[in-house]
Amino acid sequence: MRICLLEDDLVLGRSLQAVLQRDHHEVVWVRRLAEARQQLAEAAPDALLLDLGLPDGQGLSLLREIRARDSQLPVLVITARDGIEDRLQGLDEGADDYLIKPFVGAELLARLRAVTRRSGRAQAPEEPQLWSVRDLVLDEGRQQLSRAGQTIALSKTEFALLLTLMKYPDRVLTRAELESRALARSEGAALDVHMFNLRRKIGEGYVRTVRGVGFVLEKA
């Protein structure tokens, strides 16, 4: 499933992202309400993990907006607010469940399965696919890449970056999107290093830099 994770704490956000990715979910991690609104408008996730106290406002305001649109998006609130009034307010505003920090990853996954199952959005794991752009062919199941029939060895991170780009050819992916989907953590210039190595291996003319925004894999 595609999960939008709204959590401003860096340590917790990285930890939750890793837990979800190990359970084979695609995770878009954002730290601001504005970023979450953009993701919800553009990408239509299968579920939202929603923190309440955020730098640019309260998570409940986003929840109200979602429910005002009559959206059935599963929303699991994750928060340190453990008062009964806080929990009741969250549920009354339309949250499908309310999980109090700290919690273990297994409980998060179980609660997530429950809210998506009730909404009818739970999905069986997708079969690995072959992705191709021009003479690049990426075998997701075997974790292999070939160019014009010749195998190219990639690191795990390079493979994840290329897979993300190949899923959205001709679409500019922002640095934040690539970091959240392909890197276990954002470490300054780490994305640039991995992208440099990936380009060196696959050759020039595939991945274009969009200055100040991100990168795009071009079909032609």
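The values are calculated or read from the model by the stated rules, or taken from the named source; none is laboratory data. This is a predicted model, so every value here is computed, not measured. FYI the Cβ positions are ideal-geometry reconstructions off the backbone, even for glycines, and counts take in every protein chain you see.
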Within the range 1-14, take every residue that is free of Cβ contacts under 8 Å to residues at least 24 places away in the same chain and over 21 Å from L63 (Cα atoms) and give me the one that is surrounded by the fewest Cβ atoms within 10 Å (Cβ to Cβ). V11
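Confirm whether L145 is more than 20 Å from R14 (Cα to Cα), more than 20 Å from the chain's Cα centre (by Cα) and buried (at least 20 other Cβ atoms within 10 Å of the Cβ).
In short, yes.
Considering every residue within the range 95-105, establish whether at least one is touching a Pro at 6+ places or on another chain (Cβ under 9 Å) and either closer than 30 Å to R171 by Cα or at pLDDT 85 or above (or both). Spell out the reasoning first.
Taking the range 95-105 as the starting set, the residues that turn out to be touching a Pro at 6+ places or on another chain (Cβ under 9 Å) are 96-97.
Now drop any that are not either closer than 30 Å to R171 by Cα or at pLDDT 85 or above (or both), which leaves 96-97.
Yes, because at least one residue in the range 95-105 is touching a Pro at 6+ places or on another chain (Cβ under 9 Å) and either closer than 30 Å to R171 by Cα or at pLDDT 85 or above (or both).
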So which residues in the range 113-133 are within 13 Å of L73 (Cα to Cα), at pLDDT below 65 and touching a strand residue (DSSP E or B) at 6+ places or on another chain (Cβ under 9 Å), if there are any at all? R121
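Would it be correct to say that L136 is more than 21 Å from L6 (Cα to Cα) and either surrounded by 12 or more Cβ atoms within 10 Å (Cβ to Cβ) or modelled with pLDDT of 90 or more (or both)? Steps first, answer last, please.
On the way: more than 21 Å from L6 (Cα to Cα): yes; either surrounded by 12 or more Cβ atoms within 10 Å (Cβ to Cβ) or modelled with pLDDT of 90 or more (or both): yes.
Spelling it out, L136 is indeed more than 21 Å from L6 (Cα to Cα) and either surrounded by 12 or more Cβ atoms within 10 Å (Cβ to Cβ) or modelled with pLDDT of 90 or more (or both).
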Unique match (being at pLDDT below 90 and out of contact with any His (no Cβ under 8 Å at 6 or more places or on another chain)) among A47, A41: A41
Residue among R111, R117, R87 that alone is assigned to a helix (DSSP H, G or I), surrounded by 13 or more Cβ atoms within 10 Å (Cβ to Cβ) and without any contact (Cβ under 8 Å) to a residue 24 or more places away in the chain: R87
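Out of the residues in the range 20-36 meeting the condition of being more than 10 Å from the chain's Cα centre (by Cα) and crowded, with 16+ Cβ neighbours inside 10 Å, tell me which one is modelled with the lowest pLDDT.
Filtering the range 20-36 for residues more than 10 Å from the chain's Cα centre (by Cα) gives 22-24, 31-36.
Filter once more, so that each one left must be crowded, with 16+ Cβ neighbours inside 10 Å: 23, 31, 33, 35-36.
Numbers: D23: 86, R31: 91, L33: 91, E35: 90, A36: 89.
Selected residue: D23.
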